[in-house]
Amino acid sequence: MKRFSIVAFAAIILPLIVAGAACAEGHMGSEPLRLMRRPDISNGRIVFSYQNDLWIVPEEGGTASRLTVHLGMENYPKFSPDGRWIAYQGDYNERKNSLMIVSADGGMPRQLTFHSTGGYPVAWTRDGERVVFSSRRESFVRFFTTLFEVPVGGGLPVELDLGKASFASFSPDGSRIAYNRHPDLFWWWKRYKGSMNQDVWIYDFGSGEYSKITDYEGNDSWPMWTGDRIYFASDRNGGVFNIYVYDLSTGNTRQITDFTERGITWPSMSFDGKKIVFERDARLYVLDTGTEETREVVVYAPIDHKRNMVSYIDPLDDLKGFNISPTGKRLVFEARGEIYTAPAEHGDVRNLTESSGARDADPSWSPDGKWIAYVSDKSGDEEIYIIDQKGKGEEKRITGNGHFKKRLLWSPKSDKILYNTENNRLYAADIDGGEPELIAKNDHDNISNYHWSPDARWIAYEFSAKNRNRDIY
C-alpha cells in the first residue's frame, strides 16, 4: 500500500489556530468578568475565585485585585469573622485541596492541613480561632463528607460530632450549628428529588440534640445563620434555586428572592448577617437582608492571562475516519471536525468542508469515486451530507430525520447509503433525497454489522435476539 502524503497535509494546515477561551477574552478589563466562583463577603469586600486564583473587589463592584498567584488552584474562600483573614482550598506543596489561610490584604499563605485527602472550608467558628472544613478523609463511604475544625494557629484537625455533613453555619453564640447532611452534589442535580436531597438540620453541642427544620423533598441547601433566622437556598418553587429564610421563633419559612430561571448557587453570608453574596448566571449578586433588595456586582479585571490566548494545534494528533478512494490514489479523513482528502504521492490537500462552526465526521468515499459522504451537525442535528470529491459545488444534505448517525456504507451502485442510529435502527438513504427507508429495528440492541450484496439488491445484517444470541438476516 502506498504511503499517503500526511507530511504534505501537515505542512499546509499545521498552523491551525484555535482561539483560547470563548468568553470574550479579547478585551479583558473592558468587559465585565464572568464565571467568578464561590464568593464570600465581609466588611464591604467580596472575595471570589477566578482563573484558579483568589480576587478581592469592593461589594459595590469595580476593579478586582488578585490576591493569590500560585500555579495551582485556589478556591472556596471564606472570610474570618473580623474580615482580616481568608481561609481557602489550595493546591500547595504537592498536596491538592489543602486548607490554606492568607491575609485579606495579601501576603504569604499558610498551610493548615497536610492530609492526602483534601477538603474545603465551609465556615469559621464565631471566635475566629478555628476553621471548619468539609472532607472525605474519615468517611465510611467516600461519597459522603464529614466536618472538621482546625486551629488557625496550627494543630491537628478534630472531627465534629455530627456524622455526615457538608455545608454549615454556627449560631451567633456558637452553641449550635445549622448544616446539610448530604454531600455537595445537589447544586448541579437540577430539580433533584429523592433520598439524597439536602435538608437543613440543627445540632446543639450542649444537649447533643438534632432537629430538622426543612422537609422539602427537593433541596434546601447552604444554611446561613444570623440572629434568630436561618437563610438557605431552595429549589422548592419551580425547580429554580432562590433564597429563603426560616424564622426560629415562629417556625415559618419565607421566600426572599424570586428568580424564575437560572437560579442562585453558592450563597454566603457576611458575619454581621447584613449581606449575602451569591453566583447567578455566571455573575455575582449581593442581597441586602435588611431591605431584601438584590443587585448585580459588576466586576472588572485588567489582567494578563495565565494561558495562551492562541494555540497552535498539530492536526496529526487528531486524524481519524480514514477511507481510501476506489482508485487508491487519495485518502479521505477527518481532522478536528473538517473533512480532508490527501494524495498518495503528489497533489494537493483539500479541505472539503471548511465549516469551523460544525463537526464534520465519518467520511466515506462512494464506489464510483465521485462523492464523499459524511455526518455533520451544522443544522443542529447530525445529518448525512454528500459532497463532490474535488470539493466543487455545494454539499447536499440527504437526511433530515434527526438521530445520531454512524457507520455510513455506500451501495455498490453509489446511489444509496446505509447507516445506523442511536435508537437501534438501520436505514437506507437515497442520495437524491427523500425519506430514508427503514431496513430493520431492534428494541434492545444496536444493529452495527451490515453489508450490501455485490449487485446492491440485498442487505445482510447481524441481529441480536432478546437472549443475546446473534443471527444473520
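The values are calculated or read from the model by the stated rules, or taken from the named source; none is laboratory data. No experiment lies behind these values; they were computed from the predicted model shown. Here Cβ is always computed from backbone atoms with ideal geometry, including for glycine, and neighbour counts include all displayed protein chains.
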Exercise. Residues R181, R142: which one is among the basic types (K, R), more than 30 Å from P109 (Cα to Cα), without any contact (Cβ under 8 Å) to a residue 40 or more places away in the chain and in the same structural domain as R280 (by TED's automatic domain parsing)?
Worked result: R181
For this session: Could you check, for region 106-115, whether at least one of its residues is surrounded by 23 or more Cβ atoms within 10 Å (Cβ to Cβ) and among the hydroxyl-bearing types (S, T, Y)?
Result: no
Exercise. Looking at (1) farther than 28 Å from G174 by Cα; (2) at pLDDT 95 or above; (3) over 23 Å from the mean Cα position of the chain (by Cα), which is the only condition R280 fails?
Worked result: (3)
Exercise. Hey, does region 415-423 have a residue that's on the phi > 0 side of the Ramachandran plot and either within 38 Å of the chain's Cα centre (by Cα) or modelled with pLDDT of 90 or more (or both)?
Worked result: no
Problem set entry | Every residue from region 199-221 that is loosely packed, with under 15 Cβ neighbours inside 10 Å and over 12 Å from D235 (Cα atoms) | D204, G206, S207, G208, E209, Y210, S211, K212, D215
For this session: Pull up region 424-446, narrow it to residues that are under 23 Å from R397 (Cβ atoms) and of a type in the set (A, V, I, L, M), then point me to the one that is nearest to the chain's Cα centre (by Cα).
Result: L426
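Working carefully through the options S98, S134, S65, find the one that is under 24 Å from I276 (Cβ atoms) and surrounded by 19 or more Cβ atoms within 10 Å (Cβ to Cβ).
Answer to the selection: S134.
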Exercise. How many of the residues in region 155-198 are of a type in the set (S, T, Y) and surrounded by fewer than 17 Cβ atoms within 10 Å (Cβ to Cβ)?
Worked result: 2
For this session: State yes or no: is G263 part of a loop (DSSP other than H, G, I, E, B), within 20 Å of the chain's Cα centre (by Cα), surrounded by 22 or more Cβ atoms within 10 Å (Cβ to Cβ) and assigned by TED's automatic domain parsing to the domain that holds D127?
Result: yes
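So which of D381, D445 ends up being over 25 Å from G369 (Cβ atoms) and touching a Ser or Thr at 6+ places or on another chain (Cβ under 6 Å)? Steps first, answer last, please.
On the way: D381 fails: touching a Ser or Thr at 6+ places or on another chain (Cβ under 6 Å).
Result of the check over D381, D445: D445.
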Problem set entry | Subset of region 235-254 [surrounded by fewer than 24 Cβ atoms within 10 Å (Cβ to Cβ) and assigned to a strand (DSSP E or B)] | N242, Y244, V245, Y246, D247, T253, R254
